Amino acid sequence: MEQPLWRIARNTVLYPEEQRLPADVVLASQEFKDMAAVLEKHMDGRRFVVGDGATVADFVAAYMLDWANEDSLLNDCPQLLAYMKRMYARPNAPQRIAEAFAAITP
């Protein structure tokens, strides 16, 4: 699911204007939405991607969904939006996110 997000980023902000392919943004957006629909169904009745507790899969999924949400790609995915909010509402989540940002900020 992350690959279409990178394509969108490359063609909206990363590449110089003259190298951007607007049509690829449209294709990548639809590809992401198609993949998100599968995860949306998977999350029905689940709190976590796998098992009964948070795993690395949940941390990666929450990050990726947050990124997708910045581009309004989750509008048709209420389960994924609720899941993302639950993941970021975990007690240590804000502290861990702040620590991660501090580690990469010059």
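Derivation of every value follows stated rules applied to the coordinates shown; laboratory data play no part. Please read these numbers as outputs of a predicted model, since none were measured by experiment. Note that each Cβ is placed from the backbone with ideal geometry, even for glycine, and that neighbours are counted across all protein chains shown.
Compute the relative contact order of the chain as a whole-number percentage, counting only Cα pairs closer than 8 Å that sit 6 or more residues apart in sequence. Intermediate results must be reported in sequence, preceding the final value.
On the way: 75 pairs, mean separation 23.5, N = 106.
In percent, rounded to a whole number, it is 22.
Based on the inverse mean of 1/r over its pairs of different Cα atoms, what is the Kirkwood hydrodynamic radius of the stretch 1-75, in Å? Numbers along the way, then the final one.
Details: mean 1/r = 0.0751 Å⁻¹.
It works out to 13.3 Å.
Explain nothing, just compute: Karplus ³J(HN,Hα) = 6.51 cos²θ - 1.76 cosθ + 1.60, θ = phi - 60°, for every residue of the stretch 89-95 in order, whole Hz, x for Gly and Pro.
8, 4, x, 8, 4, x, 5
Could you give the length gained on full extension between Val50 and Arg90, defined as 0.36 nm per residue of separation minus the Cα-Cα distance, in nm? Walk me through the numbers before you get to the answer.
On the way: separation 40, 0.36 × 40 = 14.40 nm, distance 1.68 nm.
Computed gain between Val50 and Arg90 is 12.7 nm.
How big, in percent, is the set of alpha carbon pairs in the stretch 54-104 lying more than 13 Å apart?
Numbers: 769 of 1275 pairs.
Percentage above 13 Å: 60.
So if I place +1 on the C-beta of Lys and Arg and -1 on the C-beta of Asp and Glu, and nothing else carries charge, what would the dipole magnitude of the chain be about its Cα centre? I want it in debye, nearest 20.
Details: 11 positive and 15 negative charges, 75 e Å.
That gives the chain a dipole magnitude of about 360 debye.
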